[in-house]
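The values are calculated or read from the model by the stated rules, or taken from the named source; none is laboratory data. Nothing here was measured: the structure is a model prediction, and the numbers come from that model. Cβ coordinates were reconstructed from backbone atoms using ideal geometry, including for glycine residues, and neighbour counts include every protein chain displayed. Just so you know, the surface numbers come from the protein's heavy atoms only, side chains and all, with ligands and any DNA or RNA stripped out. Shrake-Rupley method; radii C 1.70, N 1.55, O 1.52, S 1.80 Å.
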Amino acid sequence: MLNIVLFGPPGAGKGTQAIKLKEAYNLVHLSTGDLLRAEIKEETTLGMEAQAYMNKGELVPDEVVIGMIESQLNSNKSANGFIFDGFPRTTEQAEALDQLLSTHETAITKMLSLEVDDEELVARIVQRGKDSGREDDKNESVIFNRIITYNKKTSPLKVYYDEQSKYHIIDGVGSMEEVFDRLQKVING
Ligand code: ADP
């Protein structure tokens, strides 16, 4: 199986690249952000609880997102592999993912970290807020809080994957195709 963690701050382009990678390698795309937004749309209890965190730019509790990933892994047993987009975001999530994958007799192949500077990130998210209508993309203090949360809680996962020799840095600035080419080179290499 090919299991990729697509990593990077909010606005780095994970979602866009994940869709292209899913097509190119025939993978199941698991975005915890998309899964949470689907729960909100359906007005489930889980969705309503998650929304309060998301609207503030804070992380949804680990057990909630881990549970969602667990059920997705169970319902996609014949997959060629997975692309994890926006997950894991904490050390606890990364450890849980390794454990879940090992019960399915597989593991993360590579972690690809899209690097984009903060100024460019904010500009991209503000633009996305105009196009997509996502609430958390419309408020500047929520955008900043997401970037701060990334730097504090998520960025340390680079060390976690580096210790497993799975951490790869990808320049996330350039055209969609340029970034995609860089990702493919590392996956194929
Ligand atoms: P972005 O990468 O632009 O922040 P996402 O769709 O990945 O967009 O995430 C939106 C929000 O959903 C996050 O700010 C957070 O509140 C919540 N979320 C998504 N994935 C996770 C996760 N793995 N752990 C905790 N919260 C998450």
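Miscellaneous remarks
- Pairs where the first residue, in region 97-113, is without any contact (Cβ under 8 Å) to a residue 24 or more places away in the chain and the second is surrounded by 15 or more Cβ atoms within 10 Å (Cβ to Cβ), C-beta under 8 Å, 6+ apart: D98/I108
- The set of residues from region 110-155 being assigned to a helix (DSSP H, G or I), of a type in the set (D, E, K, R) and within 12 Å of the ligand (Cβ to nearest atom) comprises R124, R128, E135, D136, D137, R146, K153.
- A single entry from G172, G133, G189 fulfils the requirement of being over 18 Å from the mean Cα position of the chain (by Cα), open to solvent by less than 70 Å² (accessible area, probe 1.4 Å) and either farther than 12 Å from G57 by Cβ or touching a residue at least 12 places away in the same chain (Cβ under 8 Å) (or both): G133.
- Selection over region 16-36 of residues that are near the ligand (Cβ under 7 Å from one of its atoms) and either over 27 Å from D117 (Cβ atoms) or assigned to a helix (DSSP H, G or I) (or both) gives a count of 4.
- Residue within region 7-24 that is touching a Gly at 6+ places or on another chain (Cβ under 8 Å) and open to solvent by 40 Å² or more (accessible area, probe 1.4 Å) present: no
- Residues that are in contact (Cβ under 8 Å) with a residue 12 or more places away in the chain, open to solvent by 50 Å² or more (accessible area, probe 1.4 Å) and assigned to a loop (DSSP other than H, G, I, E, B), drawn from region 156-169: P156, Q164
- Considering only residues in region 80-109 that are among the aliphatic types (A, V, I, L, M) and part of a loop (DSSP other than H, G, I, E, B), the one that is nearest to the ligand (Cβ to nearest atom) turns out to be I108.
- Scanning region 52-67 for residues that are within 9 Å of the ligand (Cβ to nearest atom) and assigned to a helix (DSSP H, G or I) yields Y53, M54, N55, K56, D62, V64, V65, I66.
- Residue check, I108 buried (at least 16 other Cβ atoms within 10 Å of the Cβ), in contact with a Pro (Cβ under 7 Å, 6 or more places away or on another chain) and not small (G, A, S): no
- Scanning region 68-79 for residues that are free of Cβ contacts under 8 Å to residues at least 40 places away in the same chain and either open to solvent by 30 Å² or more (accessible area, probe 1.4 Å) or away from the ligand (no atom under 12 Å from the Cβ) (or both) yields a total of 7.
- Flag for G13 being out of contact with any Asp or Glu (no Cβ under 7 Å at 6 or more places or on another chain), within 13 Å of the ligand (Cβ to nearest atom) and of a type in the set (G, A, S): yes
- Close pairs from region 1-16: first more than 14 Å from I169 (Cβ to Cβ), partner of a type in the set (S, T, Y) and open to solvent by 10 Å² or more (accessible area, probe 1.4 Å), Cβ under 6 Å, at least 6 apart: M1/T106; L2/Y25; L2/T109; N3/T109
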